[in-house]
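J.: Shown below is the structure under consideration.
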Amino acid sequence: MEYEVVIGLEIHAQLKTNTKIFCGCSTAFGAEPNSQTCPVCTGMPGVLPVLNKTAVAYAARAGVATNCTINRVNRFARKNYFYPDLPLGYQITQFALPIAEHGHLDIELPDGGTKRIGITRIHMENDAGKLNHDPMRPISLVNLNRAGVPLIEIVSEPDMRSAAEAGVLVRKMHQLVRHIGVCDGNMEEGSLRCDANVSLRPKGQEEFGTRTEMKNLNSFRNIERAIRYEISRQTDILDNGGEVIQETRLWNADKEISTSMRSKEDAHDYRYFPDPDLLPVVIDDAWYDEIVKSLPELPDAMKARYVETLGLPVGDAEVLTSTLELATYFDACLAALGTPTPKQAKLAANWVMGSVLALLHTEGMSLATVPVSADMLAGLLTLVEKDVISGTMAKTVFEEMAATGKEAKIIVEEKGLAQVSDTSEIEGIVDTILANNPSEVEAFRGGKKKLMGFFVGQVMKATKGKGNPKVVNQLLGEKLK
Amino acid sequence: MKITKEEILYVANLARLNVDDVEVEKLAAQIGDILSYVDTLEKVDTDGVEPTTHAIDLTNALREDVVHPHLGAEKTLANAPDEEENMFVVPKVVG
């Protein structure tokens with residue numbers, strides 16, 4: 001039978017705050033085990049949580065960036081379950097009134113179209129500790145440094161119909177949370193994690209099939225692979241007349257299979273109730289406005305601006321908006337150029353995507369420390385624009401700028417690299433070349449037009465590459481008539 | 001309010017409590033009584049009253065995002081029944 005795949009995602013993003021959500025312990029990654037703990041995050045009796053203001057602002061930022069309604073009054077609830085990585089015996093999360101809900105994000109499909117994916121809700125919660133399972137002995141070791149790190153859980157509507165679409169949404173969300181500065185997006189360190197709910201239904205059927213939840217998807221590749229695996233697993237079951245069991249499954253990236261994670265008798269009954277230790281969070285108009293103002297221009301808006309206003313190809317816009325840092329660099333370069341024409345914008349884009357990115361990759365630099373600042377790049381492009389140097393010479397000057405950190409103008413002056421556009425100066429050289437090569441001149445006039453390259457080469461050699469190619473060509477053309 | 005033995009066992013399991021048959025009978029009666037007492041609240045007319053989660057009308061007890069001194073692993077682990085490499089030792093859990 002032919003099935004339709006239905007996928008919804010839950011994306012957990014660690015917020016980039018300095019401290020945990022309910023206590024002042026550091027959230028820095030990689031510290032000595034249990035060194036970043038206190039009575040609050042280790043769940044000692046009698047302690048009280050106090051909410052981190054920045055965590056609320058970041059969560060709301062994510063809500064605004066995903067077109068959600070911000071619940072101006074939202075509150076925390078307790079989700080009760082026992083697990084060794086959860087010292088309190090409950091997770092503090094949001095249930096009835098999350099900070100944000102009813103949003104959406106448009107994803108780009110491979111065929112060039114877009115698709116709107118609903119964002120059901122975004123809620124704040126605390127992360128659990130980290131368990132280290134001993135490979136030899138029947139013990140696990142608990143590190144509570146991560147316990148209490150602020151998370152947002154972004155829950156999508158079951159709007160995706162393929163593993164590829166799910167992959168696009170996660171990538172887009174990953175780009176967005178980094179762009180708006182609320183999450184570092186480091187998937188190896190677990191800053192962004194994803195669970196996928198997958199179900200199948202016969203094509204044309206309205207009602208959803210039984211879903212399974214895939215956990216532990218910590219790379220873009222794993223997300224798509226795990227979903228594909230689950231689709232084929234469920235297809236096999238249904239084709240053989242079986243029933244999919246609603247369960248949580250764990251993805252094993254090494255073996256590329258998933259296994260059932262929790263047994264059936266371990267029923268989920270979280271008994272949510274409002275946390276009496278935490279007061280409702282109220283986001284008044286002033287705070288809301290502040291949050292909205294703190295958002296940079298969003299990637300989709302930037303992309304549209306590059307394509308529609310600057311006339312850049314969509315592919316260029318995608319690359320330039322891949323990180324906020326790169327887009328900011330490009331924008332600064334444009335600003336330094338004044339009001340760039342589409343031609344100038346394309347030239348700037350080519351340089352940023354080419355020479356600047358190459359510099360970052362080969363030298364391992366960041367845009368914050370790159371020796372050629374956006375202003376300096378604009379200075380170089382202006383020299384090209386004004387015909388002071390040729391595009392070929394500009395590459396040499398750029399390398400020199402990267403090596404020395406000097407302005408293009410200074411390098412051109414110091415090294416005497418400015419191209420010679422003075423017609424009388426070049427005319428003298430052209431005359432000498434023609435006089436010294438009478439047989440070639442004869443041959444050219446006799447029809448060997450290919451010799452033009454020879455003459456240009458001779459003139460450029462004589463000017464040490466500084467002759468303005470336009471002027472050189474023009475003069476040669478006139479004199480060889 | 002009548003609470004069944006099964007309900008007591010279910011709740012006990014969620015709370016990771018072992019209860020024997022005698023305790024189940026006793027708890028069923030006690031919890032039934034407590035719930036009957038709470039049922040009294042149902043008689044209150046709450047039309048037009050906003051659901052409340054706190055007795056006092058306070059909001060936004062917030063903290064600035066500033067790191068405080070840490071307790072340190074040694075103190076955090078001081079009462080741990082067993083520890084290794086500055087981590088709590090627990091029976092092996094899978095997943």
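J.: When the residues of the stretch A:190-248 are filtered to those that are assigned to a loop (DSSP other than H, G, I, E, B), among the polar types (S, T, N, Q) and surrounded by fewer than 18 Cβ atoms within 10 Å (Cβ to Cβ), which remaining residue is farthest from the chain's Cα centre (by Cα)?
T.: A:ASN240
J.: State whether one or more residues within the stretch A:172-190 are farther than 30 Å from A:LEU298 by Cβ and touching a Leu at 6+ places or on another chain (Cβ under 6 Å).
T.: Just the residues of the stretch A:172-190 that are farther than 30 Å from A:LEU298 by Cβ, to begin with: none.
Checked the stretch A:172-190: no residue is farther than 30 Å from A:LEU298 by Cβ and touching a Leu at 6+ places or on another chain (Cβ under 6 Å).
J.: In the stretch B:58-72, what count of residues is obtained for those that are within 18 Å of A:TYR58 (Cβ to Cβ) and either more than 7 Å from every other protein chain (Cβ to nearest Cβ) or of a type outside the set (A, V, I, L, M, F, W, C) (or both)?
T.: Residues flagged as within 18 Å of A:TYR58 (Cβ to Cβ) and either more than 7 Å from every other protein chain (Cβ to nearest Cβ) or of a type outside the set (A, V, I, L, M, F, W, C) (or both) within the stretch B:58-72 amount to 4.
J.: Which residues, counting only those in the stretch A:49-62, are facing chain B (nearest Cβ under 9 Å) and in a loop (DSSP other than H, G, I, E, B)?
T.: If the condition is that a residue be facing chain B (nearest Cβ under 9 Å) and in a loop (DSSP other than H, G, I, E, B), then A:VAL50 is the only one that fits.
J.: If you check A:THR17 against the conditions, is it in contact with a strand residue (DSSP E or B) (Cβ under 9 Å, 6 or more places away or on another chain), touching a residue at least 40 places away in the same chain (Cβ under 8 Å), under 22 Å from A:GLN175 (Cβ atoms) and facing another protein chain (nearest Cβ under 10 Å)? Talk me through it step by step, then tell me what you get.
T.: Working: in contact with a strand residue (DSSP E or B) (Cβ under 9 Å, 6 or more places away or on another chain): yes; touching a residue at least 40 places away in the same chain (Cβ under 8 Å): yes; under 22 Å from A:GLN175 (Cβ atoms): yes; facing another protein chain (nearest Cβ under 10 Å): yes.
Yes; evaluated as a whole, the condition is true for this residue.
J.: Same structure, new question: Can you name every residue in the stretch B:73-95 that is more than 7 Å from every other protein chain (Cβ to nearest Cβ), surrounded by 13 or more Cβ atoms within 10 Å (Cβ to Cβ) and in a loop (DSSP other than H, G, I, E, B)?
T.: The one that is more than 7 Å from every other protein chain (Cβ to nearest Cβ), surrounded by 13 or more Cβ atoms within 10 Å (Cβ to Cβ) and in a loop (DSSP other than H, G, I, E, B): B:ALA80.
J.: If you don't mind, another one. From the list B:LEU17, B:LEU35, pick out the single residue that is within 12 Å of chain A (Cβ to nearest Cβ), loosely packed, with under 13 Cβ neighbours inside 10 Å, within 21 Å of the chain's Cα centre (by Cα) and of a type outside the set (Val, Ile, Thr).
T.: On the way: B:LEU35 fails: within 12 Å of chain A (Cβ to nearest Cβ).
On inspection, the qualifying residue turns out to be B:LEU17.
J.: Output the number of residues of the stretch A:365-381 satisfying the condition of being outside any loop (DSSP other than H, G, I, E, B) and either touching a Gly at 6+ places or on another chain (Cβ under 6 Å) or under 19 Å from A:PRO469 (Cβ atoms) (or both).
T.: 2
J.: Give me the residue from the stretch B:53-72 that is surrounded by 10 or more Cβ atoms within 10 Å (Cβ to Cβ) and under 30 Å from B:MET1 (Cβ atoms) and, out of that set, modelled with the lowest pLDDT.
T.: Residue satisfying both the conditions and the ranking: B:THR53.
J.: I would also like to ask the following. Within the stretch B:38-57, can you find the residues that are farther than 29 Å from A:TYR83 by Cβ, within 14 Å of chain A (Cβ to nearest Cβ) and not β-branched (Val, Ile, Thr)?
T.: B:GLU50, B:PRO51, B:ALA55, B:ASP57
J.: Continuing with the same structure: Which residues, counting only those in the stretch B:3-37, are of a type in the set (Val, Ile, Thr) and part of a helix (DSSP H, G or I)? Steps first, please.
T.: Filtering the stretch B:3-37 for residues of a type in the set (Val, Ile, Thr) gives B:3-4, B:8, B:11, B:19, B:22, B:24, B:31, B:34.
Listed by number, the residues that qualify are B:ILE8, B:VAL11, B:VAL22, B:VAL24, B:ILE31, B:ILE34.
J.: Let me ask another. Can you confirm whether the stretch A:307-322 contains a residue that is touching a residue at least 60 places away in the same chain (Cβ under 8 Å), closer than 28 Å to A:VAL170 by Cα and in contact with a His (Cβ under 6 Å, 6 or more places away or on another chain)?
T.: The answer is no, given that none of the residues of the stretch A:307-322 is touching a residue at least 60 places away in the same chain (Cβ under 8 Å), closer than 28 Å to A:VAL170 by Cα and in contact with a His (Cβ under 6 Å, 6 or more places away or on another chain).
J.: Being out of contact with any Asp or Glu (no Cβ under 6 Å at 6 or more places or on another chain) and of a type in the set (Lys, Arg) is the requirement here; does A:ARG137 meet it?
T.: Numbers: out of contact with any Asp or Glu (no Cβ under 6 Å at 6 or more places or on another chain): yes; of a type in the set (Lys, Arg): yes.
So A:ARG137 fits the description; yes.
J.: Could you check the stretch A:108-129 and list, in sequence order, the residues that are modelled with pLDDT of 95 or more and under 21 Å from the mean Cα position of the chain (by Cα)? Show your work before the answer.
T.: Going through the stretch A:108-129, the residues modelled with pLDDT of 95 or more turn out to be A:115-129.
Answer for the stretch A:108-129, where residues must be modelled with pLDDT of 95 or more and under 21 Å from the mean Cα position of the chain (by Cα): A:LYS115, A:ARG116, A:ILE117, A:GLY118, A:ILE119, A:ILE122.
The values are calculated or read from the model by the stated rules, or taken from the named source; none is laboratory data. Everything quoted here is computed from the prediction, not taken from an experiment. Glycine gets a Cβ as well: all are built from the backbone with ideal geometry, and neighbour counts include every protein chain shown.
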